[in-house]
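The values are calculated or read from the model by the stated rules, or taken from the named source; none is laboratory data. What you see is a predicted model, and the numbers here were worked out from it, not measured in a lab. SASA here: full protein model, heavy atoms, side chains in, ligands and nucleic acids out. Shrake-Rupley method; radii C 1.70, N 1.55, O 1.52, S 1.80 Å.
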Amino acid sequence: MNYLKKLVEEFHSAVVATIDHKGLPQTRAIDMMLYDEKGIYFLTAKGKDFINNSSIKTIFL
């Protein structure tokens, strides 16, 4: 079974954890919306400092 399809169509929502510049965990809820051969596309709430978190880049490389 295609795990990306399962994540998007069956789970849909998830909590992503990263580590901030002080080494403390930061969590954010996301909605996994679409997928293709490159990965998953997701949404999160406006105003969340998600993409600006430098540690998130490490997760999605």
Of all residues in segment 33-61 being under 10 Å from the mean Cα position of the chain (by Cα) and assigned to a strand (DSSP E or B), the one that is modelled with the lowest pLDDT | Leu43
Considering each residue of segment 6-32, count those that are open to solvent by less than 90 Å² (accessible area, probe 1.4 Å) and part of a helix (DSSP H, G or I), and give that number.
-> 3
